[in-house]
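Student: Please find one structure pasted underneath; my questions will follow.
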């Protein structure tokens, strides 16, 4: 039994390069429940991060009572993230939404489903009649199932005909998709998690994998603990567990990632670490890239990034001489003003070195949520279903034929509207109805004072579909109680393209309904039909919806046609899975074969600096044979730089114990006790400058607002302060509302985004710090186990007996 709050990554099971990762089955059950008491184990996968770990749900007396990792699962080999070990308790929370709510005289009151749905349908029809399809918008999540996303895309694009459909994946994974489309002209991750088993170098760019995908970090830790461990290069301004394990840790100034990447590429090119034969046969754009990176020798980059030139050279040498290189990228690169440009340079390294399509040679442009990949695949964000190209009329015609609608019904006159633009349209009044599903923008979007004002407008009809009365739901006109993970059936896909089936284990509470059922009910009440007058949505169950989705993917990169529910009940399988690949595909782009042919590709690309779209004609001239594209980018300084009034840079992020806005993890006692309140991380030098000590209450201000939090003095680089974004508006302990102070990190962040991916900027706000009151010896509430580890001794973060989980180590070949 292991305290998995004190030890988030559990016990090591070392293994060597080329060996199979040993099995370790993690189990946690409710107090008083023994394994023999469990009535049913229901197959599912992880829901509180993006790793996609296979696990089983324990059921007793009609309730979820725990989880157990699946030893035979290709993703996790039985291991379970602490958030999943304990987070299932949110399902049983007494404050779940159980009946629909409607706003009457300014107050939300309970009602029945007919009343709530008719109110939504009535407003929908009025909007369509008075202002047309563009007056209705949808803002969804990265936590539904593929079946639900595809149904939503069909309703929004083919039924209503609105351009305005995006997800909160815009905040976490939009740049992953954009970077893949820029380099390979299509979404789809080249690598596989099993590349960890073979790599001799692992490079992590802005990716605190130890806290965001703990099971993937367990795999890396076990390689590091075994014979022939890989070298690790880490790019992160914070002293994360990854940084502490790294061979080289580069801690650049926030907002300078493109300069750093150009410096690494400069060294790779200058030292001849380029696979010239591979590039000549399989890529275009080499000359432009060579010209660009020539301007970024390590000495110049060191000045821009404040990183020693010799560290840059050493990192480049490790990456440039690797025999098998695995690279991962996440929010440290994605949530910046040159997000796509930076992430594309990681792809460039792999193209230059020919490190694609073979064991140990992969790129994982990571996702932040469990089904973010499905959001993109199914067209429930700024994409078209099955990676079709909105700018290719033949692709739209193909989709229209599949849905049996007129192509003109599917809006494709421009790129689909991204989330930040949807908010702007709501603010301006052109969108009069917004349907928000399973996300909490009143905490997660930037510049919260503005977001609260936008969502509170009287002229806006706001529908929120969720499982708790979140900060956003409190602003709604109609609130629909939804079922969640474990209470419905569907599939979801992780970042290395592994598809899992999650089966219904228990009934949802009260009158709560599955998201798919809510969408089907809406489509029926709206009377959406195809060209022949038949119902537009032709399925009524998750499995039928899955069959519809499979047909949509036929012949496309994310081909699901070889998958069935029965097949997925046995194991997770990586797409493409079809007649040619009946058991799935571990790695794509083998032998330099890309999905980038002009008639097939998902995207023609954009200018990395301006975001301007590349025309079909320009793309055909650039890439007539469908090769990978090397795209160069010059460094551009951040849009908001430190000043005399705001001398620091604010970055935001996550902690290992909480997920997004804590709607679930705050209701798991073990997780909430481990990270109960917001904090701010400050370097020792900056703490001395502002006379701040461990645990002192400080105020962080930016031009947009202020937040008060307890200080944690860490090894973060000087000039940077970090605030986790999980925590809502106000200090819950404050009495009079006039005395309340903000505690949500997004009170401080700016309304700005990357020009290519349209992902908001959460990493480069200019900030000031001041002491409010002394701590009187009390430490910050920040955990001690991960990136927020203090430089001075404070009581260690522990969970005790309630946080103990069983770890069963099985011999090689054991798979329970």
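Every number in this text was worked out from the coordinates using simple rules, so none of it is lab data. Computed from a prediction, not measured in an experiment: that's the story for all the values here. Neighbour counts are summed over all protein chains in view; Cβ atoms, including those assigned to glycine, are modelled from backbone coordinates with ideal geometry.
Student: Counting helices only, and only those DSSP H runs with n ≥ 4, report the 222 nm mean residue ellipticity of the chain as the sum of -39,500 (n - 2.57) divided by its residues, in deg cm²/dmol to the nearest 500. Could the numbers behind the result be given before it?
Tutor: Numbers: 25 runs with 220 residues, N = 816.
After summing the helix terms and dividing by residue count, I get -7500 deg cm²/dmol.
Student: Okay, moving on. Determine, for 488, 606, the number of other Cβ atoms within 10 Å of each Cβ, and report the residues in order from fewest to most. Show your work: numbers first, answer last.
Tutor: Numbers: 488 26, 606 20.
So the residues, fewest neighbours to most, are 606, 488.
Student: Also: At q = 0.05, 0.10 Å⁻¹, what is the log10 ratio I(q)/I(0) for the chain, with the Debye formula run over Cα points and no solvent?
Tutor: The Debye formula, applied to the Cα set alone, gives -0.23, -1.04.
Student: What is the distance, in nm, between label points placed 7 Å from the Cα along the Cα-to-Cβ direction at residue 529 and at residue 618?
Tutor: 4.4
Student: I need the per residue convex hull volume for the range 305-389, using only the alpha carbons, in cubic angstrom as a whole number. Write out the running numbers ahead of the final one.
Tutor: Working: hull volume 11.3 nm³, N = 85.
Roughly 133 Å³ of hull volume per residue.
Student: Per 5 Å bin, what percent of the C-alpha pairs of the range 22-134 does each bin hold, from zero upward?
Tutor: 2, 11, 15, 14, 11, 8, 8, 10, 10, 7, 3, 1, 0
Student: By count of other Cβ within 10 Å, fewest leading, how are 334, 205, 729 ordered? Before the final figure, lay out each step's value.
Tutor: Details: 334 33, 205 27, 729 17.
By the 10 Å Cβ count, ascending: 729, 205, 334.
Student: Moving on. Equivalent ellipsoid semi-axes for the range 209-307, as square roots of 5 times the alpha carbon gyration tensor eigenvalues: give them largest first, rounded to whole Å. Let's see the in-between values first.
Tutor: Numbers: eigenvalues 160, 77, 27 Å².
Ellipsoid half-lengths, sorted descending, are 28, 20, 12 Å.
Student: Got the relative contact order for the chain handy, in percent, Cα pairs under 8 Å and 6 or more residues apart?
Tutor: Reported relative contact order: 21 percent.
Student: How would the range 648-783 be classified by its alpha-carbon gyration tensor: rounded, prolate or oblate, with rounded meaning a/c under 1.5 and the a/b versus b/c comparison settling the rest? Could the numbers behind the result be given before it?
Tutor: On the way: a/c = 1.38, a/b = 1.07, b/c = 1.30.
In terms of gyration-tensor shape, rounded.
Student: Could you tell me what fraction of 2.2 N^0.38 Å the Cα radius of gyration of the range 359-488 comes to, as a two-decimal ratio?
Tutor: Numbers: Rg = 17.5 Å, N = 130, 2.2 N^0.38 = 14.0 Å.
Working it through for the range 359-488, the quotient is 1.25.
Student: Also, I was wondering about something else. At a temperature of 4 °C and a viscosity of 1.567 mPa s, determine how fast the range 675-729 diffuses translationally according to Stokes-Einstein, using the Kirkwood radius over alpha-carbon pairs as Rh; express D in µm²/s, rounded to the nearest whole number.
Tutor: Numbers: Rh = 11.5 Å.
Reported coefficient: 113 µm²/s.
Student: Also, quick follow-up: Quick one: plug the Kirkwood hydrodynamic radius of the range 86-141 (C-alpha pairs) into Stokes-Einstein at 10 °C, 1.306 mPa s, and report D in µm²/s.
Tutor: It diffuses with D of about 113 µm²/s by this estimate.
Student: Could I have the simple spin-label model distance between residue 115 and residue 19, label points 7 Å from Cα toward Cβ, reported in nm to one decimal?
Tutor: 6.4
Student: Within a 10 angstrom radius of the beta carbon, how do 692, 284 rank from fewest other beta carbons to most?
Tutor: On the way: 692 22, 284 19.
Listed from fewest to most nearby Cβ atoms, that is 284, 692.
Student: Separate question: By average Cβ neighbour count within 10 Å, what is the ranking of 277-283, 749-755 from highest down? Working shown, then result.
Tutor: On the way: 277-283: 16.0, 749-755: 21.1.
Result, highest mean Cβ count within 10 Å first: 749-755, 277-283.
Student: While we're looking at this one, here's another question. How many percent of DSSP beta bridges within the chain run antiparallel, rounded to 5?
Tutor: On the way: 54 of 100 bridges.
Close to 55 percent.
Student: Distance between the C-alpha centers of the range 223-251 and the range 1-65? Whole Å please.
Tutor: For the range 223-251 versus the range 1-65, the Cα centre distance is 26 Å.
Student: Testing the spin-label approximation: label points 7 Å from Cα along Cα→Cβ at residue 309 and residue 271. State their distance in nm.
Tutor: Modelled inter-label distance: 1.5 nm.
Student: Give the separation of the Cα centroids, the range 98-132 to the range 626-681, in Å.
Tutor: If we compute the Cα centre of each part, the gap is 35 Å.
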